[in-house]
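Each remark here refers to the structure printed beneath this line.
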Amino acid sequence: MAAPIVLSATAVLAAPPVPVQGGAPAPASASIATTPSATAPAPAALREVVVTANPLGSGLFEMVQPADVLAGPALDARRASSLGETLAGELGVSSTGFGPNASRPVIRGLDGDRIRLMRNGAVALDASSVSFDHATAIEPLVAERIEIVRGPAALLYGGSAIGGVVNAIDNRIPVEPIEGVGGRAELRYGGAERERAGVAVIEGGDGRVAWHADAWRRETDDLRIPGFVRSARQREIDAAVAPGAEQPRGRVPNTSSSSRGAALGLSRTWADGHAGISVGSLRSEYGTPAEEDVGIRLRQDTIDLSAEARGLAGFVRTLKLRANHTDYRHDEFEREDGAVGATFRNRGQEFRVEALHADLGPFKGAFGVQHGRSKFSALGDEAYLPRTTSDSTAVFVYEELARERWKLSLGARAERAQVKSAGDAPDAAGPRFGDAASRSFTARSLSAGGLYAFTPSLSLAANASYTERAPTHYELFSNGPHAATGTWEIGDPSAARERSASLDLGLRHRSGPNLVSLGIWQTHFRNYLQLEGTGRLRGEDGSIEDPATPGFTGTGADAALPEYVYRQVPATFRGVELLVRRRLVEAAGILDLELKADRISAHDRDTGEPLPRIAPIRWGAALVYREGPLLLRADLTRVSSQRRVSGEELPTDGYTLLGAYANWRIGEGRVVWDLFARASNLLNEEARNHTSLLKDIAPMGGRRLMVGMRVTY
């Protein structure tokens, strides 16, 4: 919530049409090129948007699953220094909030490997699901469009999409013919971390061969906050352990960053398809607020392939191919002397083929196969994971039957996964991971959904799914001190595949520029795999320590660490989401009112205890004014206190965020300039994100102003 809250579905529905180069309709999950009109203040007309969740392509209003799209002005107003903070505040979406540099989306209370992060329809491989302090390798500055699917999308993307999907589209491989040269560039300055950032994107082609190039850079300082770094409750605990200890305030230490990236893409395009390749590079160095003397140096290199052929003769009418190779590495090092305590590496490939078949009677559908492999290693004295190799192969099918008033969708997926641990290294200082081990899982997912239109403007959507997810390498085999999070983490080698059943109901009404959407959902886990504190402490050698023992040195990176273990529990998640948009004035300019609210609850059915890091009730209101080249927006968001907490976490107080955004457009035609300003947390409130593991030692930013300019040509 570092940025003013933008109600995405209504903001996108109000955005102008985004032309597709070449004039052809965009296929599902296609990258859509940004033109000067795509970032203009939005006119009144609603439009349809194709989203990731349906391989056949579907308008946003006709989706069975709840989905949002950020593009154009809505995305411009939300871009932050991380993917999580860019999306935080969307309905049902919060963030892991590990400082301003490492923040991953949390959807409907689920995070980590239950949220599938993709770039251009392919997996975005990094180490962000392993730990909250690991940054995502998706850069919001480059993204032209971000699609969010709330609720299980495991049918198409596997168990790692049990909570939802986020797909960032950057057009690095052009998918439609381009003639001539165009692009965009942007500079921005300000914010609570004094961000200095810039991005340049340029694309060109001759109608047959298209190319893309982009480069970006960001520098930030330590995050400014309105009060103490540690919460009042945490300061009381600190005083009991170390009376008189200094309590920092004003800035969150060790949260500065320096990041840069670039990519090149080339494709051969034609009226009914494309084939292309892109290479990308990302470099980042940033601090983690969990440990003031620990820094992270990140490097990622990617190669992506994409091809699509439409209008084929025979049973297969459209064939899509996505493949990528990723080489990811980051070092966790001591700021004082540069000594590396742990090195994380993740090398992997994914290959996915998807085919849309000819109609089978009244059914339209798609089927496909997906294979992925990753080799993960964590090396060094502070490594808490062994070397692992993870393989998965899956087949899936999706079918849809549509009539004048209703639509029915059915699908199934079967996936075979294997996770191998190399155990203790020969030169290990002591036994920690045991002997080499291997676990294999067969996961199955089923889904059935329906949409009924009572009238052209009123519809009811329902979706039911059964999902199985194989445990990951870190949930199975972790065992050791994790310095960046200040915990000792222990996996469960005997964990079974996670099973869940979900139901989602949505009532949607749309009339001209006005929209009402009400969603009710529930996910019932038979054996939810969660990381929870035990209340015990472990010393440097892994031994259990007793605070009552003479000579106990307290907690911290150089002393005892709190023990956290992965444990499977029966759990239920449920929630409500409401979105309203109302046109107030349509005369001298356009004035819209936007309202939203969401509520999530989750508990362990065995004990009745709430699960950790569940977002509290949120509601918000916004006024949006547009006239000619001017776009103004004011947002008010109220986040309630969270008192329903698990045994090892502290409650958080409620807070109110007031924000504003302004955009002024200069010029028309080929070259267009935009001057923009965004103010956040104007009330300078102490705001602590309850879904963050660091909520008691790293609050959100204080009052801030971001200014910038953008040129599209």
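Points worth noting:
- In this simple spin-label model, placing a label point 7 Å from the Cα along the Cα-to-Cβ direction at both residue 404 and residue 643 gives a separation of 5.5 nm.
- The range 651-689: GluC sites (Glu not before Pro) in DSSP coil with no more than 15 other Cβ atoms inside 10 Å: 668
- For residue 619 and residue 527, a Förster radius of 30 Å and the Cβ-Cβ distance give a FRET efficiency of 0.35, rounded to the nearest 0.05.
- Calculated FRET efficiency for the pair residue 458/residue 381, C-beta based, R₀ 60 Å, to 0.05: 0.45
- Toward the positive end of the charge dipole of the range 8-712, with +1 on the Cβ of Lys and Arg and -1 on the Cβ of Asp and Glu, the farthest Cα among 241, 709, 136 is that of 709.
- Averaging 1/r over every pair of different alpha carbons in the chain and inverting the result gives a Kirkwood radius of 25.8 Å.
- Helix axis angle, 232-241 relative to the chain longest principal axis, alpha carbon, degrees: 20
- q = 0.09, 0.19 Å⁻¹: log10 I(q)/I(0) that the Debye formula gives for the range 206-361, counting C-alpha atoms only: -0.55, -1.18
- Over the chain, DSSP H runs of length four or greater, each weighted -39,500 (n - 2.57), average out per residue to a 222 nm ellipticity of -1000 deg cm²/dmol.
- Of the GluC sites (Glu not before Pro) in the range 356-407, the ones in a loop by DSSP (not H, G, I, E or B) with at most 16 other beta carbons within 10 Å are 404.
- Where labels lie 7 Å past Cα in the beta-carbon direction, separation of residue 670 and residue 271 in nm: 2.9
- Straight-line cross-link partners of residue 407 among the aspartates and glutamates, defined as a Cα under 13 Å from its Cα and at least 8 positions apart when in the same chain: 62, 399.
- Of all lysines in the structure, the ones whose alpha carbon falls short of 25 Å from that of residue 375, not counting any fewer than 8 places away in one chain, are 420.
- Estimated translational D of the range 462-548 in µm²/s (Stokes, Kirkwood radius over Cα pairs; 4 °C; 1.567 mPa s): 77
- Length added when fully stretched, residue 242-residue 520, from 0.36 nm per residue minus Cα-Cα: 95.4 nm
- Whichever lysines have a C-alpha closer than 23 Å to that of residue 320, once near sequence neighbours (fewer than 8 apart) are set aside: 364
- Annotation for the range 280-382: chymotrypsin sites (Phe, Trp or Tyr not before Pro) lying in DSSP loop with at most 10 further Cβ atoms inside 10 Å of their Cβ are 315.
Where a number appears in this text, it was derived from the coordinates with a stated rule and is not lab data. For clarity, every value in this text was computed on a predicted model and none was experimentally measured. Ideal geometry is used to build each Cβ from the backbone, glycine not excepted, and the neighbour counts take in all protein chains shown.
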